[in-house]
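Visitor: One structure, as structure tokens, below. Some questions next.
Throughout, read-outs are computed from the coordinates displayed, never taken from laboratory work. Quick caveat, the model's predicted, so the values are computed rather than measured. Glycine also receives a Cβ, built like all others from the backbone with ideal geometry; neighbour counts cover every protein chain displayed.
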Amino acid sequence: MRQRSVGVACRRDGVTEGHGGRAADAVKECLKLIDAHEDDEIWKRAGSGLHTTSSKRVFLSSMKFARTFSLPDKRELHGFGFTPKVDLALPEGDYVVVAYKAVSGNVVSTERVVMQREDDAWKLIGYHVNKNGQTSIK
């Protein structure tokens, strides 16, 4: 099983739903950009955390690699949770982790999206893909 992490950020302004609704909308928006190969736009929207820990070249390479077993035909929500801490290297704050079961052809993967609330917007700080051992879902 291989895991690939990519940190990116997407802003979600003007959303009037509650805390969870705004986070869910931001996750969907970021996944649309990822699926559409809008890597330059994702990088442009990236938060300062990504820009200080990675270069654009490394980010673009990571996204290309992640797509080798991602970009699903079907994506099902698998889990959604808020937490004040997601990594030792990051400060405490408002984070949400969203997991999806993703199906691409006959390959099943788990996608995990990690968002941080920053400047009154949810910014994607992690995109992880795990290729599962299963070969199909119906």
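Visitor: Taking H as built 1.01 Å from N, whose amide H comes closer than 5 Å to the amide H of Gly126, not counting residues under 5 places away?
Guide: Long-range HN contacts for Gly126: Val8, Val114.
Visitor: Just subtract the alpha-carbon distance of Phe80 and Asp35 from 0.36 nm times their residue separation and send over the number in nm, one decimal.
Guide: Fully extending the segment from Phe80 to Asp35 adds 14.2 nm.
Visitor: Right, next: Compute the Rg to Rh ratio over region 29-124 from the alpha carbon atoms, using the Kirkwood formula for Rh, and round to two decimal places.
Guide: 0.96
Visitor: Asn132's amide H: which non-local residues (gap 5+, or another chain) put their own amide H closer than 5 Å, with H modeled 1.01 Å from N in plane and none for Pro or chain starts?
Guide: Answer set, sorted by chain and number: Val108, Ser109, Thr110.
Visitor: Check which residues have an amide H placed less than 5 Å from His78's amide H, if you skip close sequence neighbours.
Guide: Ala99, Tyr100, Lys101
Visitor: Sorting check: for 120-127, 91-98, which peptide has the highest mean count of neighbouring beta carbons within 10 Å, and how do the rest follow?
Guide: Going from most to least packed, we get 120-127, 91-98.
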